[in-house]
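Reading through the structure tokens given below for one structure.
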Amino acid sequence: MDAAGVKDAVQWLATAAADPETCRWEWERNPLGVALLPAGRLWDVLIVPGALGRPTLNVLARVLAAPGPVLGDFGDARTGFFVPPGTAARWLGTGVRGAGAGSWIVVPYPGRATGGVRWLVLPDGTGRLTEPAVLELAMHEAAATLAGEA
């Protein structure tokens, strides 16, 4: 992502914070390069176990021109898919945790390496998110593929 793309991503992410300037300050001052942002306002995050998360992202990358933002931890234990607000409250999938209204997400500064979480798909600054129905179908396809390999 070029500098303009990073700037757009930072601006979009920071608008989720009650005080965007404080969010930017946190990114600059926090030694881990992360800020806590509230879920449920601009997005929810569906957190999928890593064994299913990466294969699901692979399916999304194959079927969509560009999936919404996706976070991963460095141990590949979890993958977080950014989805429209309200999705977490309605999601019924077993083993999938939802971060919606009242939840906070650790968000790294776009384009920088951090201590524990990283962007697998950077936000593009437009507000594009992954549609829940498409994510669910991708998870089913990934799970079926994993079951076939076992």
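Separation between the TRP25 and ALA66 pseudo-spin-labels, each 7 Å from Cα along Cα→Cβ, expressed in nm?
3.2 nm
Tell me the mean residue ellipticity at 222 nm calculated for the chain from its helices only (DSSP H runs of n ≥ 4, each -39500 (n - 2.57), averaged over every residue, nearest 500).
-12000 deg cm²/dmol
Rounded to the nearest whole Å², what accessible area per residue is found for the chain with the 1.4 Å probe?
Dividing the accessible area of the chain by its residue count gives 51 Å².
Run the quick spin-label model on ARG41 and ALA147: label points 7 Å from Cα toward the beta carbon, then report their separation in nm to one decimal.
4.0 nm
Give me the distance in nm between label points sitting 7 Å out from Cα along the Cα-to-Cβ direction at SER103 and THR15, one decimal.
Result: 2.2 nm between the two label points.
Percent relative contact order of the stretch 32-97, based on C-alpha pairs within less than 8 angstrom and at least six residues apart?
Answer for the stretch 32-97 is 46 percent.
State to the nearest 20 debye the size of the charge dipole of the chain about its Cα centre, where the only charges are +1 on K and R beta carbons and -1 on D and E beta carbons.
Charge dipole of the chain: 100 debye, to the nearest 20.
Could you tally the net charge around ALA138, taking each other residue with its Cβ under 12 Å from the Cβ of ALA138, Lys/Arg +1 and Asp/Glu -1? Could the numbers behind the result be given before it?
On the way: positive: ARG54, ARG62; negative: GLU131, GLU136, GLU141.
Here the count lands on -1.
Taking all protein chains in place and a 1.4 Å probe, what share, in percent, of the accessible surface of the chain do carbon and sulfur account for? Please list the in-between numbers first.
Values: 4420 of 7670 Å².
Ligands and nucleic acids excluded, carbon and sulfur reach 58 percent.
I need the calculated FRET efficiency for the pair LEU137 and ASP76, taking r as the beta carbon distance and R₀ as 22 Å, to the nearest 0.05.
My answer for the efficiency is 0.50.
Work out the charge dipole of the chain with +1 on the Cβ of Lys and Arg and -1 on the Cβ of Asp and Glu about the Cα centre, then indicate which of ALA133, LEU52, GLY68 is farthest towards its positive end.
The Cα lying farthest towards the positive end belongs to LEU52.
Per-residue counts of other Cβ atoms within 10 Å, averaged by peptide: what ranking do you get for 3-10, 122-129, highest first? Don't skip to the end; give the middle numbers.
On the way: 3-10: 15.1, 122-129: 17.6.
For the peptides 3-10, 122-129, the packing ranking is 122-129, 3-10.
With no solvent and one equal point scatterer per Cα, compute the Debye intensity ratio I(q)/I(0) for the chain at 0.10, 0.13, 0.14 Å⁻¹ and report its log10, rounded to two decimals.
-0.32, -0.55, -0.64
Starting with the highest mean, order 44-51, 64-71 by the number of other Cβ atoms within 10 Å, averaged over the residues of each peptide.
Details: 44-51: 20.8, 64-71: 18.4.
Order by mean packing, descending: 44-51, 64-71.
Per-residue HN-Hα couplings for the stretch 126-135, Karplus 6.51 cos²θ - 1.76 cosθ + 1.60 at θ = phi - 60°, whole Hz, x for Gly and Pro?
Here the 3J(HN,Hα) series is 8, x, 4, 10, 7, 5, x, 5, 5, 4 Hz.
For the stretch 72-121 and the stretch 1-66, what is the separation of their C-alpha centers, rounded to whole Å?
Centre-to-centre (Cα) distance: 8 Å.
Among the chymotrypsin sites (Phe, Trp or Tyr not before Pro) in the stretch 7-103, which ones are in a DSSP loop with at most 13 other Cβ atoms within 10 Å of the Cβ? Mind listing them?
PHE74
The values are calculated or read from the model by the stated rules, or taken from the named source; none is laboratory data. Since this is a predicted model, take the numbers as computed values, not measurements. Cβ atoms come from the backbone with ideal geometry, glycine included; neighbour counts cover every protein chain shown. To get the accessible areas, we keep the full protein, side chains included, count just its heavy atoms, and leave off ligands, DNA and RNA. Shrake-Rupley method; radii C 1.70, N 1.55, O 1.52, S 1.80 Å.
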